[in-house]
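What follows is a set of notes on a single structure, which appears directly below.
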Amino acid sequence: MLRTSFSGYRLCARRLLWTTVPRHKDPWPLPNTPEHMASTTTPSDVPPLQPLPRPNETLETLRARLIYQSRKRGTLESDLLLSTFARDHLQSMTEAELKEYDKLLDEPDWDIYYWATGKRAIPERWTSSPILEKLKVHARNEGKVVRRMPSL
């Protein structure tokens, strides 16, 4: 009987604790949820982060860096999409296209992924981008190619 009342007390205390403790905001909300969308808006007075300047970077170094940055994004979906895109297209890109692709890689992973797959509207700054169009074609995978991470 004592055990029953104690467990009943514990259950009652949990319910009370559950309803009275203030909930904290999740620091890592799931992508594309209302909480995530609300937290990704930045105030207009905060300037966006500028990429590191790389003066005198050779074309070979630029290609090597872009291959690495395409492969090591942080999410498996972006890693797979961008690393296979880099493997298939980087060698044939001009210097201007490489620099545009470099700017695209400065965007957040999930934004690039959703833009390429057509799940989210593309912002004005990228609507006329031929690199993003190539990436969208690559993401559609019309040839139904089985993709895997390229070898190092």
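The values are calculated or read from the model by the stated rules, or taken from the named source; none is laboratory data. Just so you know, these numbers come straight off a predicted model, no measurement behind them. As a convention, Cβ positions derive from the backbone with ideal geometry for all residues, glycine included, and neighbour counts pool all protein chains shown.
Considering the stretch 121-146, the residues that are assigned to a loop (DSSP other than H, G, I, E, B) and surrounded by 14 or more Cβ atoms within 10 Å (Cβ to Cβ) include one that is modelled with the lowest pLDDT, namely Ile122. Within the stretch 77-100, track down each residue that is among the polar types (S, T, N, Q), assigned to a helix (DSSP H, G or I) and exposed (fewer than 11 other Cβ atoms within 10 Å of the Cβ). Passing the criteria: Gln91, Ser92.
Might you check whether a residue that is touching a residue at least 40 places away in the same chain (Cβ under 8 Å), in contact with a Leu (Cβ under 9 Å, 6 or more places away or on another chain) and under 16 Å from Pro31 (Cβ atoms) occurs anywhere in the stretch 86-93? No, the stretch 86-93 contains no residue that is touching a residue at least 40 places away in the same chain (Cβ under 8 Å), in contact with a Leu (Cβ under 9 Å, 6 or more places away or on another chain) and under 16 Å from Pro31 (Cβ atoms). Scanning the stretch 54-71 for residues that are of a type in the set (Gly, Ala, Ser) and buried (at least 16 other Cβ atoms within 10 Å of the Cβ) yields one hit, Ser70. Answer yes or no as to whether Gly74 is at pLDDT below 75 and either surrounded by 10 or more Cβ atoms within 10 Å (Cβ to Cβ) or not basic (Lys, Arg) (or both). Spelling it out, it is not the case that Gly74 is at pLDDT below 75 and either surrounded by 10 or more Cβ atoms within 10 Å (Cβ to Cβ) or not basic (Lys, Arg) (or both). Within the stretch 110-129, residues that are free of Cβ contacts under 8 Å to residues at least 12 places away in the same chain have Cβ atoms under 8 Å from residues that are aromatic (Phe, Trp, Tyr) and surrounded by 14 or more Cβ atoms within 10 Å (Cβ to Cβ) in these pairs: Ile122/Trp115, counting only partners at least 6 apart in sequence or on another chain. Mind checking whether some residue in the stretch 51-69 is modelled with pLDDT under 85, outside any helix (DSSP H, G or I) and not β-branched (Val, Ile, Thr)? Yes, because at least one residue in the stretch 51-69 is modelled with pLDDT under 85, outside any helix (DSSP H, G or I) and not β-branched (Val, Ile, Thr).
Counting the residues of the stretch 130-151 that are of a type outside the set (D, E, K, R) and free of Cβ contacts under 8 Å to residues at least 12 places away in the same chain gives 6. Total residues in the stretch 101-117 satisfying the condition of being surrounded by fewer than 17 Cβ atoms within 10 Å (Cβ to Cβ) and either in contact with a helix residue (DSSP H, G or I) (Cβ under 7 Å, 6 or more places away or on another chain) or acidic (Asp, Glu) (or both): the figure is 3. Taking residues in the stretch 31-42 that are assigned to a loop (DSSP other than H, G, I, E, B), and partners anywhere that are at pLDDT 75 or above, the pairs with Cβ atoms closer than 7 Å and at least 6 places apart or on different chains are Pro31/Trp110.
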